[in-house]
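Comments concern the structure below.
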Amino acid sequence: MSEAAEKPRVSEDDVMEVLGEIYDPEIPIDIVNLGLVYRVAVEGSQVDIDMTMTSPGCPAATQIVAEAKYLIEELEGVSEVNIEIVWDPPWDPGKMSEAAKESLGMF
């Protein structure tokens with residue numbers, strides 16, 4: 001049996017679940033519900049993520065990316081994590097989940 005066949009396969013849902021545990025320190029909402037995660041792709045044991053920040057000058061960007069990378073690397077079956085910060089499309093509050101908008105009183 002090959003080494004790849006022995007490793008459990010991580011799913012995009014597994015990755016999204018972990019990302020849902022990471023909070024923007026300035027806003028008490030996780031990065032998934034904030035709408036910051038644009039794409040998660042799993043290819044074998046490699047995870048690629050495209051995400052954004054609420055603004056290009058976000059002071060927590062380095063912390064959020066480092067925490068995401070660390071936690072995803074801890075998932076069984078993950079050998080590499082690549083996170084790219086993208087600015088297109090730009091983030092806006094409309095990307096937030098209904099629950100996030102409600103918790104911030106945006107209704």
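See the values below:
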item: Residue tally, condition in contact (Cβ under 8 Å) with a residue 24 or more places away in the chain and either of a type outside the set (S, T, N, Q) or in contact with an Asp or Glu (Cβ under 8 Å, 6 or more places away or on another chain) (or both), over the stretch 60-73; result: 7
item: For Glu84: the one exception among (1) exposed (fewer than 12 other Cβ atoms within 10 Å of the Cβ); (2) in a strand (DSSP E or B); (3) not β-branched (Val, Ile, Thr); result: (1)
item: Condition check for Ser97: surrounded by 11 or more Cβ atoms within 10 Å (Cβ to Cβ), among the polar types (S, T, N, Q) and modelled with pLDDT of 95 or more; result: yes
item: Residue that is part of a strand (DSSP E or B), surrounded by 19 or more Cβ atoms within 10 Å (Cβ to Cβ) and touching a residue at least 24 places away in the same chain (Cβ under 8 Å), where the choices are Val78, Val47; result: Val47
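The values are calculated or read from the model by the stated rules, or taken from the named source; none is laboratory data. None of these values were measured; they are calculated from a predicted model. Positions of Cβ are backbone-derived with ideal geometry, glycine not excepted, and every protein chain shown enters the neighbour counts.
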